[in-house]
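Presented below is the structure to which this report refers.
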């Protein structure tokens, strides 16, 4: 059974997954609602962290959860701010999507 603190981290991870699903559907009002609810989860997590020490195994699992949350958050940001993808292409030396030649392979992406 997970520690009470890990349960808080898992709830935050679930919220981040719901936020990503809403972002993929371009339901930005839902994303904003989940983001606000996540703030309450974070406040609860901080409170629980003061009351419940974590074992070494729990800390390892916490880091895995946080890593997944960060990856999901990055994807949500890319969906919410498509200009970040263009910036990534410029910084990596790849041409912007609009300037790539079209060789009949379908629409530009």
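With 17 Å as the cut-off, how large is the P(r) tail for the range 4-93, expressed as percent of Cα-Cα pairs?
Percentage above 17 Å: 55.
Arranged from fewest to most other beta-carbon atoms within 10 Å of their beta carbon, 26, 13, 7 become 26, 7, 13. Among 70, 31, a tally of other beta-carbon atoms within 10 Å of each Cβ gives an order, fewest to most, of 70, 31. Only helices enter this figure: runs of n ≥ 4 DSSP H residues, each worth -39500 (n - 2.57), summed and divided by the residues of the chain, yield -25000 deg cm²/dmol at 222 nm to the nearest 500.
Which of 28, 83 has the fewest other C-beta atoms within 10 Å, and how do the rest follow up to the most?
83, 28
Working from Cα pairs under 8 Å separated by at least six residues, relative contact order for the range 4-93 is 43 percent.
Against the chain, whose longest principal axis comes from its Cα atoms, helix 28-51 is set at around 30 degrees.
Note on residue 39 and residue 10: the model spin-label points, each 7 Å out from Cα along the C-beta direction, lie 2.7 nm apart.
Any read-out appearing in this document is the output of simple, stated calculations on the displayed coordinates, not a laboratory observation. Since the model is a prediction, treat every value here as computed from it, not as a measurement. Every residue, glycine among them, receives a Cβ derived from its backbone with ideal geometry; neighbour counts consider all protein chains shown.
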